[in-house]
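Data first, discussion second: the structure below is written as structure tokens.
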Amino acid sequence: MFRRFTNSSFVYHKICLIARSNIRMASSLTLPDSRTLAYALDSSPKEGPLIILSNSLTAPLSVWDHVVKVLNSNGYRTLRYDQPGHGGSSAPKDLSPTFDSMAEDVHHLLKKLEINKVYSWIGVSMGASAGVYFTTKYPNVVSKLAICDTISSSPINAGTEDTFGPRVAAAREAGNLDSTIQSTLERWFGKEWLENNPQETQRMRTVMSGTTIDGFEACCNALRSETFDLRPRFAKIGSSVDDAICIVGEKDANLPETMKEMRDKIQEGFEAAGKSNKIDLVIIKNAGHVSFVDGFEQFTAEVLKWLKA
């Protein structure tokens, strides 16, 4: 146990120490299965509408720091949490969480914090998938759902090649996530962007190093599981939230095309629920998979416009 947490806990502690003064250092909740769920709740603005920010694979909650500053300055309060085995959260012993179980984790967190209503859930990648599961499992808790840069199902359900298994095997063989983090950064942003943005690249690398190998494998298992399929849930979103938006990086592989289909299905669900909302698909220019990083200005502008609508 000491081996697994020594380096990542040290890095994560350093990240917490440099957080802005109005953001609490990461707190923790003991879940019913004895796992630890780490989270950070802004101490101000106290009366601001609450926004949950949910992270991608290999990205603990500090990945959102720049976005939090913008949201705070516009009157919003944020709640962030670490995915299993990321940052300060522990992974389940069997390394087999599901998106359903991760939605339950957030439900336990909200109960502990005595939060009954959330203004918005903004999730990127697996954080977006978690948002779809949460809102359809616990309808009318979240008012506005932002679904950003996510696949619709596991490879086995999509009939595509499993890319997660080989990544886990490579990390296990290496005994660390160094190469995984580097290849992930290159896949998300491209080598040119990394070279032109050395400070942000180093920040991302530092944040991502707060992921354990067990956490990486656990979340990859959720992403490759037969239980992971958003498609049957798209039609339910309209009866579960008041509004939704889809956001995707222009350079995020084929997701601009697949998320158009996602948007269409979500739109149908809103219409079936008797709601007149127009569900937008926003393309973040020149951005990749974690579009609030390399597309920061447009991403935050589009999100603020939608939050205030």
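A compact table of results
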item	result
Residue within segment 216-237 that is assigned to a loop (DSSP other than H, G, I, E, B) and buried (at least 21 other Cβ atoms within 10 Å of the Cβ) present	yes
Answer from S291, S183 - the residue that is of a type in the set (S, T, Y), within 20 Å of the chain's Cα centre (by Cα) and buried (at least 20 other Cβ atoms within 10 Å of the Cβ)	S291
Yes/no for S239 being under 22 Å from Y81 (Cα atoms) and polar (S, T, N, Q)	no
Some residue of segment 293-304 being out of contact with any Ser or Thr (no Cβ under 6 Å at 6 or more places or on another chain), free of Cβ contacts under 8 Å to residues at least 24 places away in the same chain and more than 29 Å from N72 (Cα to Cα)	no
Segment 260-284 - residue that is under 20 Å from the mean Cα position of the chain (by Cα) and basic (K, R) and, of those, surrounded by the fewest Cβ atoms within 10 Å (Cβ to Cβ)	K260
Test: residue in segment 60-75 that is of a type in the set (S, T, Y), surrounded by 22 or more Cβ atoms within 10 Å (Cβ to Cβ) and either out of contact with any Phe, Trp or Tyr (no Cβ under 9 Å at 6 or more places or on another chain) or in a loop (DSSP other than H, G, I, E, B) (or both)	no
Condition met for A169 (farther than 20 Å from G288 by Cα and exposed (fewer than 14 other Cβ atoms within 10 Å of the Cβ))	yes
Subset tally (residues that are within 15 Å of A59 (Cβ to Cβ) and exposed (fewer than 15 other Cβ atoms within 10 Å of the Cβ)) for segment 187-215	2
Selection count, segment 128-173, where residues are part of a loop (DSSP other than H, G, I, E, B) and not β-branched (V, I, T)	9
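Let's see how each residue does on (1) more than 29 Å from L95 (Cβ to Cβ); (2) in contact (Cβ under 8 Å) with a residue 24 or more places away in the chain; (3) touching a Pro at 6+ places or on another chain (Cβ under 9 Å):
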position: M208; (1), (2), (3): no, yes, yes
position: T212; (1), (2), (3): no, yes, no
position: N221; (1), (2), (3): no, yes, yes
position: K251; (1), (2), (3): yes, yes, no
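Every read-out reported here was derived from the displayed coordinates using simple, explicitly stated rules and does not represent laboratory data. Predicted, not measured: the structure shown is a model, and the values here were computed from it. Ideal geometry is used to build each Cβ from the backbone, glycine not excepted, and the neighbour counts take in all protein chains shown.
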